[in-house]
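Right, one structure below, let's go through it.
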Amino acid sequence: MKHDMDDLLKYALSSKIEPDDRLNQEILKKAWKKEAEIMGTQKRKRIPAAVALAVLVLSVGSFTVYAAWKYLTPGQVAEVTKDKGLAAAFNGEDAVAVHEVQEYGNYRITLLGIVSGRRLSEFISQDGQGNVYDDRTYVVTAIEHTDGTPRPDTSEESYGKDPFFISPLIEGLDPAQYNIVTMNGCYSEILEDGIQYRIAECDNVEIFADREIFLCVSDGTFYNTEAYQFDKESGAISRNESYQGTNALFTLPLEKKKADKRAAEDYIREMEMKWKEDGAEDEEENITGERSPKKDGQKEEKTNTSQEDDFFERVSEEISDWKKADFEKKASLVKEMILTPDTEGNLTYEYQVGEDGAGSSSTISVEMLSEKDEEGMAKAKNIFGGQEKVYIETFLWNEDGTITLCVYQMNPSFH
């Protein structure tokens, strides 16, 4: 193994000519393959997915190969989340290896790789009406502290105290309107050796590949209009150099030939129609949860999206310490199912509750439910619905290894 790696580094370092993109890809993918051979048999802890987010740039070249060795590959990150389909996609020919590093303040952010396509993941992403999002872009990043201190684990109180917003941004489209929140996005995370890895996914952005596509990584939960600048006339997106927080901005190296102008135009048209239907007719409205700039004589108000996010955040905080007795007292049981993990350690279920057709169709890993209270109830819970009807999925471990899924409707007096 050492001999192979030495040969690889020697090959990368021997040339005095800057390697082209094609050679960069070959070198990085060889390194990833060797790393997978070493790390593939080790066990790693899965961190539950969250569904809904001074520059030092290392050029992709010989030094990058050496630096990349410390990180998991995008394929390995997908494997830890039990997504074999996505792992295979990141190890395939269509995946793009990047490995670019940017540092701001106490954080080092590394863009590891990107892949796009139809039905790459084994986990289905869909909207509240059951419509499946099957054409997606997946981007893997690593976040770590520059001083080497580990990122907090989910069991630590400090976890989530310094959140990050990670999203593709598209040249020519206002990033306050087009980002991972509006592009049907979500993400999953794992923690390994003190490094926080995130797989961010959203609608396939390759249709816009004839434009510059960026990846922003900023502090906070939503797109920050103070961290980045958007020139409405030219469509250019750039960092706000005077911003004091974290505002990394990477360029995603997508192949221009994969652009689809007609699909891009249709996508923009559909987005605009949706916003009009939702009452978002003011083009200056910030639909990401941030507050819109005030106009003269206008009161500052939160958008509907922000109000809903705040509502569910309050509900999540309210139920975080609920025991089984609390659910029986403060909510009504509307569905109960006994689930048996499959051979891959996943639970798959589908149901509907109520006349409004609310429900879920999901596949989750039992590792996400491994942390449980003294009664056997998993600490991970899922909340869905709206402000009028709030549904909560809970998971109760049984002695025979099965898991009871209990779906509760929260009593209105408690939300």
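The values are calculated or read from the model by the stated rules, or taken from the named source; none is laboratory data. Keep in mind it's a predicted model, so treat the numbers as computed, not measured. Heads up, the Cβs are rebuilt from the backbone with ideal geometry, glycines too, and the neighbour counts pull from every protein chain shown.
For this structure, a couple of remarks:
- Number of positions in segment 329-340 that are outside any strand (DSSP E or B) and either surrounded by fewer than 16 Cβ atoms within 10 Å (Cβ to Cβ) or among the polar types (S, T, N, Q) (or both): 2
- N204 meets all of the listed conditions (1) surrounded by fewer than 15 Cβ atoms within 10 Å (Cβ to Cβ); (2) within 21 Å of the chain's Cα centre (by Cα); (3) under 18 Å from V139 (Cα atoms) but one, namely (1).
- Y187 surrounded by 15 or more Cβ atoms within 10 Å (Cβ to Cβ), farther than 22 Å from Q76 by Cβ and not assigned by TED's automatic domain parsing to the domain that holds N382: no
- Qualifying residue in segment 350-372 (condition: in the same structural domain as K335 (by TED's automatic domain parsing), in a strand (DSSP E or B), within 12 Å of M337 (Cα to Cα) and aromatic (F, W, Y)): yes
- Every listed requirement among (1) under 17 Å from A200 (Cα atoms); (2) not in a strand (DSSP E or B) is met by A176 save one, (1).
- Whichever residue in segment 226-241 is of a type outside the set (A, V, I, L, M) and in a strand (DSSP E or B) and, among such residues, is nearest to L173 (Cα to Cα): F230
- Residue match in segment 185-197 (condition: under 27 Å from R119 (Cβ atoms), of a type outside the set (F, W, Y) and part of a helix (DSSP H, G or I)): no
- Hey, A200 assigned to a loop (DSSP other than H, G, I, E, B) and over 19 Å from A263 (Cα atoms) or not: no
- Among (1) at pLDDT below 95; (2) over 20 Å from D134 (Cα atoms), the one test that E212 misses: (1)
- Matching residues in segment 116-163 - criterion: being crowded, with 18+ Cβ neighbours inside 10 Å, polar (S, T, N, Q) and not in a loop (DSSP other than H, G, I, E, B): S116, T137, T141
- Taken over segment 356-377, the criterion of being over 12 Å from V334 (Cβ atoms) and over 22 Å from the mean Cα position of the chain (by Cα) is satisfied by G357, K372, D373, E374, E375, G376, M377.
- For the criterion of being in the same structural domain as A227 (by TED's automatic domain parsing), farther than 23 Å from N346 by Cα and hydroxyl-bearing (S, T, Y), Y197 fails.
Okay, residues lined up against (1) among the basic types (K, R); (2) crowded, with 16+ Cβ neighbours inside 10 Å; (3) modelled with pLDDT of 50 or more; (4) assigned by TED's automatic domain parsing to the domain that holds E206:
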site: R239; (1), (2), (3), (4): yes, yes, yes, yes
site: D282; (1), (2), (3), (4): no, no, no, no
site: T288; (1), (2), (3), (4): no, yes, no, no
site: K302; (1), (2), (3), (4): yes, no, no, no
